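Enquirer: To start, I am sharing the structure in question, which I have written as structure tokens.
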Amino acid sequence: MLKSITKEDFFTRVGELSNDFEIIGPMELPLKGIFYQSILNTEDLYLGDGFAIEPIKKFFLEPSTRLLRYPWKNEPGVESFSPPERERIAIGVRPCEAKGLVLLDSVFDPPASSDLIPNSAPGAGKKSSNRAGSTYQDAFYTNNRKRTIIVGLACGRPDRCCFCTSLGVSPAGTTGMDVLLFEIEGGFAIEIITDRGKGIFGALGKELSEEEKKLLTSVNNKREDLLEKKIRVPESMDTIFTSDYWDKVSRSCISCGICTYLCPTCHCFDLIDERRIKLRCYDGCSFPHFTLHASGENPRPTKKERYRQRVFHKFDYFKINFGENLCVGCGRCIRFCPVKIDIGDIVDKAPLSKKR
Amino acid sequence: MKNIYLPHVVEIVDVQEETPDVKTFKLKFRDNVVEESFDYRPGQFVELSVFGEGEAPFCFSNSPTRRNVIECSVKRMGQVTEALHEMDTGDTVGIRGPYGNGFPLEDLKGKNLLFVAGGIGLAPLRSLINYCLDNRKDYKTLTIVNGARTSKDLMYRNEYPVWEKAKDTSLHLTVDCQEENWTCMVGVVPKVLEQIKPTCGNSVAIVCGPPIMIKFTMPTLLKLGFCEDAIITTLEMKMKCGLGQCGRCNIGHLYVCKDGPVFSYSQLKDKNFQF
């Protein structure tokens, strides 16, 4: 269902909704850039062409989540923090980020498993018939997903780092969205995708005129052509695991981890006890301590192994387990890498013909 | 929805000093209902937490067949184990689990079993050995090869007389270098295996020890005639969540915490040891 709505009407409606919902959206912060924030005044909502520096992921898998509160020494009982209940609307989410959330669902919100013991022994030497990946639903992530309605915004001006189309994401893709907005003359065209979306914006706007529809279709048809960066994503990278290619491409990496923190699909985390509270915090495969054993053993001792893990997790392992690449082509890791490492280029130019 | 990180509170009811740097903790659930329902297989593990210090994975070192407590053997190594070693009977810790696949008990039935352990690697094997002894008719001969750096580092010494006396069971102890008053074997585990020449017919070898021991034991076992499917090992890896989510313990697309920690040699070889 496609309708058109003036900017004024849209923002008025958002203002009304803010009585019942927490509104999350991009906001331009002076001297900093665009960031997703909890929006208190609807005028602050930035719905232009620019991209938020951090992905919307941070409202679902928070940089740090409080999981448990411990008792004082020898007091009984460990308490669980209860996930917040307030319903939210995230406005201005880009198609790549929404797709990223769908990918995260397969890790943190897998189909429920009924038995308490994780898996029956698969039998060494045999392939496990169990579902790939985790079988545990994470209450915190799942709750954040359930309480949030996603209102997307189609991309009108992808930049030189964007390569979503190479990964099956469209600048006007609706995967993971409840509503999708398209910027048009004087306002938005609004596409209602789910019942949840209908619930908040269904009564709004008027039907698009034939002319407007035609115009929107022609704009939409051209959206994908706006992307300059196109990469070839191989089916499997298995043949180049031991290649010295990884040495070469990881040489300039400074192991800062910005690529993992800003990625809409990176989800590796650490569990940390801070005095009486257990926290879950972002972690990254580029950090040396990520796999360091207490014994001093480290299965990924150098940047080569660590960077290779990042590429393989995204373009090989995740695909084996879930059938999709763990990358949506948002370009953040390229845009913000301090040493200009370009994962798109690295995947595109991987010397697949070279055998192990 | 349940908080998957919420541990069961358990009380330390006994602490056994195994070696200068390894202690075995006997843990009892505070909640009887949990104790009744908590079930595990040899080879699985728990995330054990010292409140305020952190969590670390430890395998069950006792057999589920003779359990009124949970036993975990802990080597003093890092922050969590350091804190654990400071604890005493009456203190409480948390455990969540069991996680992982455990040993393929069904596949081992009717086989001769060769247990190869190095140092604290005997912990998960002790669970399996005692399980086999308690289901003796299901398994054929049990050969236990247990190595340690020095005789002081040999684990579970009070089990040895029982294992030696058990039917169709043999125990071979070895230390790396000759010591005074040492009457058993001398030499690293692979060398000792070559001397013992365990039968490879209808046999499965179960190997657990430090990475260096595993590395050199595998070729020896292959040379002795064990096929790649008949060598299984249980791996150590840094595992934070145990749930298959935190993303660090993978070997290729397999997660050690969920798809392992028990793997066959052929599985690891197929994966080209993609750490």
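The values are calculated or read from the model by the stated rules, or taken from the named source; none is laboratory data. A quick note: this is a predicted structure, and the numbers were derived from the prediction, not measured. Cβ sites come from the backbone with ideal geometry, for glycine too, and all protein chains shown count toward neighbours.
Enquirer: Let me confirm something: among A:L279, A:L271, A:L326, which residue is in a loop (DSSP other than H, G, I, E, B), in contact (Cβ under 8 Å) with a residue 24 or more places away in the chain, within 30 Å of A:L68 (Cα to Cα) and within 11 Å of another protein chain (Cβ to nearest Cβ)?
Expert: A:L326 is the lone residue from the list that is in a loop (DSSP other than H, G, I, E, B), in contact (Cβ under 8 Å) with a residue 24 or more places away in the chain, within 30 Å of A:L68 (Cα to Cα) and within 11 Å of another protein chain (Cβ to nearest Cβ).
Enquirer: Check off (1) more than 10 Å from chain A (Cβ to nearest Cβ); (2) buried (at least 17 other Cβ atoms within 10 Å of the Cβ); (3) more than 23 Å from B:S264 (Cα to Cα) for B:N112 and give me the number that stays unchecked.
Expert: (3)
Enquirer: So which residues in segment B:2-23 are loosely packed, with under 14 Cβ neighbours inside 10 Å and within 11 Å of chain A (Cβ to nearest Cβ)?
Expert: B:K2
The rows are residues; the columns are (1) farther than 30 Å from A:E274 by Cα; (2) at pLDDT 95 or above; (3) exposed (fewer than 15 other Cβ atoms within 10 Å of the Cβ).
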{"site": "A:Y70", "(1), (2), (3)": "no, no, no"}
{"site": "A:R94", "(1), (2), (3)": "yes, yes, no"}
{"site": "A:G125", "(1), (2), (3)": "yes, no, no"}
{"site": "A:T135", "(1), (2), (3)": "no, no, no"}
{"site": "A:R160", "(1), (2), (3)": "yes, no, yes"}
{"site": "A:D178", "(1), (2), (3)": "yes, yes, no"}
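Enquirer: Just need a number here: residues in segment B:156-203 that are of a type outside the set (K, R) and part of a loop (DSSP other than H, G, I, E, B).
Expert: 19
Enquirer: Quick one: which strands (runs of 3 or more DSSP E) lie wholly within segment B:1-114 and hold at least 1 residues that are closer than 30 Å to B:C200 by Cβ and touching a helix residue (DSSP H, G or I) at 6+ places or on another chain (Cβ under 7 Å)?
Expert: It comes to B:54-59, B:70-75.
Enquirer: I'd like the residue in segment B:221-240 that is touching a residue at least 40 places away in the same chain (Cβ under 8 Å) and at the interface with chain A (Cβ under 7 Å from one of its Cβ atoms) and, out of all such residues, is nearest to B:K269 (Cα to Cα).
Expert: Ranking the candidates gives B:I232 first.
Enquirer: Then there's this: Kindly list the number of the only condition in (1) small (G, A, S); (2) farther than 30 Å from A:G331 by Cβ; (3) assigned to a loop (DSSP other than H, G, I, E, B) that fails for A:A52.
Expert: Looking at each condition in turn, A:A52 falls short on (2).
Enquirer: Report whether or not A:S243 is on the phi < 0 side of the Ramachandran plot, in a loop (DSSP other than H, G, I, E, B) and loosely packed, with under 14 Cβ neighbours inside 10 Å.
Expert: The answer is no for A:S243.
Enquirer: Right, here's the next one. Consider A:G186 carefully, then state whether it is over 27 Å from the mean Cα position of the chain (by Cα), within 16 Å of A:F11 (Cα to Cα) and surrounded by 14 or more Cβ atoms within 10 Å (Cβ to Cβ).
Expert: Taking the combined requirement at face value, the residue does not satisfy it.
Enquirer: Another question, if that's okay. Pick from A:L292, A:L227, A:L262, A:L216: which is within 11 Å of another protein chain (Cβ to nearest Cβ) and surrounded by 15 or more Cβ atoms within 10 Å (Cβ to Cβ)?
Expert: Details: A:L227 fails: within 11 Å of another protein chain (Cβ to nearest Cβ); A:L262 fails: within 11 Å of another protein chain (Cβ to nearest Cβ); A:L216 fails: within 11 Å of another protein chain (Cβ to nearest Cβ).
Step by step, each of A:L292, A:L227, A:L262, A:L216 is checked, and only A:L292 is within 11 Å of another protein chain (Cβ to nearest Cβ) and surrounded by 15 or more Cβ atoms within 10 Å (Cβ to Cβ).
Enquirer: Separate question: Kindly indicate which of A:E62, A:E97, A:E43 is in a loop (DSSP other than H, G, I, E, B) and either under 27 Å from A:T174 (Cα atoms) or touching a Lys or Arg at 6+ places or on another chain (Cβ under 6 Å) (or both).
Expert: From the options A:E62, A:E97, A:E43, the qualifying one is A:E62.
Enquirer: So, one more: Would you mind telling me which numbered condition in (1) closer than 25 Å to B:D39 by Cα; (2) among the acidic types (D, E); (3) touching a Lys or Arg at 6+ places or on another chain (Cβ under 8 Å) B:E106 fails?
Expert: Of (1) closer than 25 Å to B:D39 by Cα; (2) among the acidic types (D, E); (3) touching a Lys or Arg at 6+ places or on another chain (Cβ under 8 Å), only one is false for B:E106: (3).
Enquirer: Filter segment B:85-102 down to the residues that are within 21 Å of the chain's Cα centre (by Cα) and within 7 Å of another protein chain (Cβ to nearest Cβ) and list them by number.
Expert: B:G94, B:P98, B:Y99, B:N101, B:G102
Enquirer: Find the residue count for segment A:293-317, including only residues that are in contact (Cβ under 8 Å) with a residue 40 or more places away in the chain and touching a His at 6+ places or on another chain (Cβ under 9 Å).
Expert: Total meeting the criteria: 2.
Enquirer: Hey, another quick one. What's the number of the condition A:L61 fails, among (1) at pLDDT 95 or above; (2) more than 14 Å from chain B (Cβ to nearest Cβ)?
Expert: Only one criterion is unmet by A:L61, namely (2).
Enquirer: Quick check, is A:V169 part of a loop (DSSP other than H, G, I, E, B), of a type in the set (V, I, T), crowded, with 20+ Cβ neighbours inside 10 Å and touching a residue at least 40 places away in the same chain (Cβ under 8 Å)?
Expert: Yes: the conditions hold for A:V169.
Enquirer: For residues that are more than 7 Å from chain A (Cβ to nearest Cβ) and among the β-branched types (V, I, T), tally how many sit in segment B:248-263.
Expert: 2
Enquirer: Can B:E159 be described as under 25 Å from B:E71 (Cα atoms) and not hydrophobic (A, V, I, L, M, F, W, C)?
Expert: In short, yes.
Enquirer: Which one of the conditions (1) within 8 Å of chain A (Cβ to nearest Cβ); (2) assigned to a loop (DSSP other than H, G, I, E, B) does B:Q267 fail to meet, given that it meets all the rest?
Expert: With respect to (1) within 8 Å of chain A (Cβ to nearest Cβ); (2) assigned to a loop (DSSP other than H, G, I, E, B), B:Q267 is out only on (2).
Enquirer: Looking only at segment A:48-68, count every residue that is surrounded by fewer than 17 Cβ atoms within 10 Å (Cβ to Cβ), within 11 Å of A:M27 (Cα to Cα) and in contact (Cβ under 8 Å) with a residue 40 or more places away in the chain and tell me the total.
Expert: Count: 1.
Enquirer: For segment B:167-202, name all the residues that are closer than 23 Å to B:E106 by Cα and either more than 19 Å from the chain's Cα centre (by Cα) or within 14 Å of chain A (Cβ to nearest Cβ) (or both).
Expert: Listed by number, the residues that qualify are B:K167, B:D168, B:P198, B:T199, B:C200, B:G201, B:N202.
Enquirer: Tally up the residues in segment B:40-71 that are more than 13 Å from B:Y99 (Cβ to Cβ) and not aliphatic (A, V, I, L, M), please.
Expert: Final tally of qualifying residues: 15.
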